Amino acid sequence: MEVKVTRADKTLPIAEVANLQPGDRLWMHPAFPDNETVHYVLAVAFLQGATNPPPENWFTRAAT
């Protein structure tokens, strides 16, 4: 899995970002072998405290 964080037009690998901040954008890319044929669902969440269900526009479907 490759994960990057974009903050104020600067993109860094997730390992170089100590803490996520409001407004940060996450980019995630699965690094599967070329012969991988299984389909996966990846759900990523960073929630703190009580929250209502997230709106539909928080989710993006991507197909390989």
Practice task
Any chance you could run the full-extension gain for residue 17 through residue 42? It's 0.36 nm times the residue separation minus the Cα-Cα distance, nm to one decimal.
Solution key: 6.9 nm
Problem - Computed label-point distance, nm, for sites residue 34 and residue 58 using a 7 Å Cα→Cβ extension - result: 3.8
Handout entry: the chain, accessible area per residue, ligands and nucleic acids excluded (1.4 Å, Å²)
Key = 99
Handout entry: Length-normalised contact order of the chain in % [C-alpha pairs under 8 Å, at least 6 apart]
Key = 29
Handout entry: Label assignment, Cα Rg over 2.2 N^0.38 Å derived from the structure, set [x] 1.21; [y] 1.06; [z] 1.32
Key = [z]
Exercise for the section: Quick one: what are the phi-derived ³J(HN,Hα) couplings along the stretch 8-20, Karplus 6.51/-1.76/1.60 with θ = phi - 60°, whole Hz, x for glycine and proline? Expected result: 6, 6, 10, 10, 10, x, 4, 5, 9, 10, 5, 9, 6
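The values are calculated or read from the model by the stated rules, or taken from the named source; none is laboratory data. Keep in mind that what you see is a predicted model, and the values were worked out from it rather than measured. Cβ sites come from the backbone with ideal geometry, for glycine too, and all protein chains shown count toward neighbours. Keep in mind that these areas ignore ligands, DNA and RNA; they rest on the heavy atoms of the full protein, side chains included. Shrake-Rupley method; radii C 1.70, N 1.55, O 1.52, S 1.80 Å.
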